[in-house]
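Visitor: One structure, pasted below without further comment.
Every read-out reported here was derived from the displayed coordinates using simple, explicitly stated rules and does not represent laboratory data. In this text, all values refer to a predicted model and were calculated from it rather than measured experimentally. Please note: Cβ atoms are built from the backbone with ideal geometry, for glycine as well, and neighbour counts cover all protein chains shown.
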Amino acid sequence: MPVEHEQRREEVPLAVTASIVGIGALGIKQLVRGKSALATSSGLFYTAGILSVITGYPVLKRGSETLFKEGRLSADLVLGTAALGLALVRENLLALAAVGMIQYLQWKRKQYQEENLDPSLYLSTKTKAYAKRATALGFGLAGAAFAITRNPLLSFGVLLSANPRPCLAAEEYAWKNAELELRKKGYSLPANSTLCSLVEVDHVVIEDTAFVYTKEEGVQ
């Protein structure tokens, strides 16, 4: 049965506002004057690429979370802010749109008091297996490329090409958005569980069928 969920009113986060305003302002600016020299500099490209590799490969992201574990700031906050800042400076409209969508979804979920669960709970078994294969392939080929060519830029390019982040981010976003729609309709999920994990359940054990069936008047 649907239940009522209290929706908290919160101000629009700065990250959402910055991404939306940035898309409009930079879009107009690029139509009139094109990209600036700073936006096309190789240094910013490599910085954005390194950030993409760190956030894209699960093993590296877990390492970054460990570094921030004892601090006051979370790894997601630092990496998210860095991604937004780089997207603005590099005038990358596609990256700004992606960051804006993610931040907007997180904001709406907070309004419905959504739990902040482990992101891996929003990934299916097949997607996790794909991420492991992509990680092994990416690091393996990058290592082989460096051993043969001694060119770190080539290895860096291999890591960017094999990055599983687009698939992981897309599925996590899709499941979180689906849960938000359920909340809006008044439905709840079990504690510490996600819609993704429920979809992959093979068997359900019911201790008391009275929790499943409702008694109807006049029916024996």
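Visitor: Provide the three semi-axes, in whole Å and in decreasing order, of the ellipsoid equivalent to the stretch 75-200 as defined by the square roots of 5 times the Cα gyration tensor eigenvalues.
Guide: 33, 20, 10
Visitor: Could you calculate the FRET efficiency of Glu207 with Arg62 from 1/(1 + (r/R0)^6), where r is the beta carbon distance between them and R0 is 41 Å, rounded to 0.05?
Guide: 0.65
Visitor: Among Tyr173, Leu84, Val158, flag the residue with its Cα farthest along the positive direction of the charge dipole of the stretch 14-186, charges on Cβ as +1 for Lys/Arg and -1 for Asp/Glu.
Guide: Val158
Visitor: Please arrange Trp107, Trp175 by counting, for each residue, the other beta carbons lying within 10 Å of its beta carbon, fewest first.
Guide: Values: Trp107 15, Trp175 20.
So the residues, fewest neighbours to most, are Trp107, Trp175.
Visitor: May I ask you to evaluate 6.51 cos²θ - 1.76 cosθ + 1.60, the Karplus curve with θ = phi - 60°, for each residue of the stretch 38-53 and list the ³J(HN,Hα) values in order in whole Hz, giving x for glycine and proline?
Guide: Ordered by residue, 3J(HN,Hα) equals 5, 5, 9, 5, 5, x, 5, 4, 5, 4, 5, x, 5, 4, 5, 5 Hz.
Visitor: Could you check which residue among Arg165, Arg33, Arg133 shows the biggest mean-square fluctuation in a GNM of the chain with a 10 Å Cα cutoff?
Guide: Comparing Arg165, Arg33, Arg133 in a Gaussian network model of the chain, the most mobile one is Arg33.
Visitor: Another question, if that's okay. Distance between the C-alpha centers of the stretch 25-48 and the stretch 83-110? Whole Å please.
Guide: Each part reduced to its Cα centre gives a spacing of 16 Å.
Visitor: Take the Cα atoms of the chain, build their convex hull, and give its volume per residue in Å³.
Guide: Hull volume over Cα atoms, normalised by residue count, gives 178 Å³.
Visitor: When a footprinting reagent is the concern and you count Cβ atoms within 10 Å, what order do Lys184, Lys176 take, fewest first?
Guide: Ascending number of Cβ neighbours within 10 Å: Lys184, Lys176.
Visitor: Could you count how many Lys pairs in the chain have their Cα atoms under 21 Å apart, skipping same-chain pairs fewer than 8 positions apart?
Guide: Lysine pairs meeting the criterion: 15.
Visitor: Using helices alone, what [θ] at 222 nm do you get for the chain, with -39,500 (n - 2.57) per DSSP H run of 4 or more residues, divided over all residues and rounded to the nearest 500? Mind showing how you got there, number by number?
Guide: Details: 9 runs with 139 residues, N = 220.
The helix contribution divided over the chain gives -21000 deg cm²/dmol.
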